1. Considering (1) without any contact (Cβ under 8 Å) to a residue 24 or more places away in the chain; (2) surrounded by 21 or more Cβ atoms within 10 Å (Cβ to Cβ); (3) β-branched (V, I, T), say which one T142 fails and leave the rest.
2. Looking at P288, P302, which one is surrounded by fewer than 18 Cβ atoms within 10 Å (Cβ to Cβ) and without any contact (Cβ under 8 Å) to a residue 12 or more places away in the chain?
3. Of the numbered conditions (1) touching a residue at least 12 places away in the same chain (Cβ under 8 Å); (2) in contact with a helix residue (DSSP H, G or I) (Cβ under 8 Å, 6 or more places away or on another chain); (3) more than 17 Å from R155 (Cα to Cα), K345 satisfies every one except a single condition; which is it?
4. Restricting the search to the range 214-224, which residues are at pLDDT 90 or above and open to solvent by 10 Å² or more (accessible area, probe 1.4 Å)?
5. Taking R235, is it in contact with a Pro (Cβ under 9 Å, 6 or more places away or on another chain), over 20 Å from N287 (Cα atoms) and open to solvent by 10 Å² or more (accessible area, probe 1.4 Å)?
6. Please work out which residue is nearest to the chain's Cα centre (by Cα), limiting yourself to the range 319-344 and to residues that are open to solvent by 20 Å² or more (accessible area, probe 1.4 Å) and within 20 Å of C402 (Cβ to Cβ).
7. For the range 363-389, what are the residues that are open to solvent by 60 Å² or more (accessible area, probe 1.4 Å) and out of contact with any helix residue (DSSP H, G or I) (no Cβ under 6 Å at 6 or more places or on another chain)?
8. Answer yes or no as to whether L167 is open to solvent by less than 20 Å² (accessible area, probe 1.4 Å), closer than 17 Å to K299 by Cα, modelled with pLDDT of 95 or more and not hydroxyl-bearing (S, T, Y).
Amino acid sequence: MIICFNCTAETKDELDRMVASDAYRDYGEAIAASVRNQILMEQEIGAKGPIVINALSSSPHPPLLEPVSDALAPMKSVEEPKAVKKPAPPRKARVVAKDSSNGIMELLDFRIPPKGPVAVPVLFTRDEFPSKPPRGLAALPTDMWAPGQTVPLDRWVLGQHNRLLPLKVNSRALIKLFVEASKGLPIAPTAERLAFEAAIFGDYLAALDEKRKSARDDALSTAFPNTAEDADKGRTRYANQFVVYQNGRGELSGLMVDLKLINVVTHKKERFIVPTNIAWEFARLANPVIDSADGAIEKFSPEERTLLLGHIVASVPVESFAYRAVLEAVQAGNNTPEKIDAALKAYVSEDRAKKLSQSFLSSQRSGAVSRMADLGLVERQREGVRVSYIATEEGRSFLARCIAVTK
């Protein structure tokens, strides 16, 4: 049977991601599995009520169980512009609570209070941030790739992970939470907690963007969810893509995993996440958006960029190679999205070329370029709807460091 349906670009990207993972042979198998899973989930909810998939069997960390409102005393605020939609009345949100007799985490309801002026959540600020690294920070995860090694495009960091500012707030939050958690942090509850905090921060950034009339490329709020009544999907996306997600095979994914700012530990057959030393080093540095009086336009300070770039060159060969490939393409005159895409096809193996769509390739390129722009390696130049890229001085210096690693 053949069924045709309207597919959004976002859904197509997710299908590409599923097929590229090698878990499914083609789109038909991925869609069939998704339909079966949806039917199973609806049957379980209809029979047993709300469920949590892949939850841990216990949650021994009280800081994660507190209502979000307890952690939201603002450090600073900006006046909410008239153009920003006013918050809805108090509404219910879910938070993972103590485990039930069947090992599935129960859910408690609490209410997020009506907002005043939008603000940076305290969990993301330097208030009460430890002056020394907490005991028990994790070592960097092992890697199948060596620095300087060619990495196929389908193994790069996923294009949907297209901004780096979430790394900063997530690192701050995880370090603060880890101080109170000797074993580590439960995976799903931690991701959910950070997503709720990120939604409040997203409102703060959206207010800054509106106040400054920021262009799309310069918007600070991109990638962050918000607290709108219908924004649950955005918070789930943020939790899965920018914090951490564990699939049915126990594999972890997400930008914090990709850039090695967290690792996983096991206690009594239960898995927990632990921030790495580089997460503490990164989190402790002052950030111009979070820590300045007016929320500066620059996403990262020179010290933050230097630290992240040094870490990427030395310890994250997948990301380092992606940056190198894009910079070499731009330096060779392939400075438009279409030309970069053509150049990057050289990094798609013959056996994968027929499975990887053009939209997936473009998503991988777009995500890498956006992360590079956050670190000041490339700049966009727009003429109407046309865009081109140039390598900055910092980008050329980074390329030279990458090439030196291969020699």
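The values are calculated or read from the model by the stated rules, or taken from the named source; none is laboratory data. This is a predicted model, so every value here is computed, not measured. Note that we place each Cβ from the backbone using ideal geometry, even for glycine, and neighbour counts take in every protein chain shown. Just the protein is used for accessible areas: all its heavy atoms, side chains included, with ligands, DNA and RNA removed. Shrake-Rupley method; radii C 1.70, N 1.55, O 1.52, S 1.80 Å.
1. For T142, the exception is condition (2).
2. Values: P288 fails: without any contact (Cβ under 8 Å) to a residue 12 or more places away in the chain.
Result: P302 is the single residue among P288, P302 that is surrounded by fewer than 18 Cβ atoms within 10 Å (Cβ to Cβ) and without any contact (Cβ under 8 Å) to a residue 12 or more places away in the chain.
3. (3)
4. Step one: filter the range 214-224 for residues at pLDDT 90 or above, giving 219-224.
Within the range 214-224, A219, S221, T222, A223, F224 meet the criteria.
5. Numbers: in contact with a Pro (Cβ under 9 Å, 6 or more places away or on another chain): yes; over 20 Å from N287 (Cα atoms): yes; open to solvent by 10 Å² or more (accessible area, probe 1.4 Å): yes.
Here the answer is yes, as R235 does meet what is asked.
6. R324
7. Here is the first cut: in the range 363-389, the ones open to solvent by 60 Å² or more (accessible area, probe 1.4 Å) are 379-386.
Of everything in the range 363-389, those that are open to solvent by 60 Å² or more (accessible area, probe 1.4 Å) and out of contact with any helix residue (DSSP H, G or I) (no Cβ under 6 Å at 6 or more places or on another chain) turn out to be E379, Q381, R382, E383, G384, V385, R386.
8. Values: open to solvent by less than 20 Å² (accessible area, probe 1.4 Å): yes; closer than 17 Å to K299 by Cα: yes; modelled with pLDDT of 95 or more: yes; not hydroxyl-bearing (S, T, Y): yes.
Yes.
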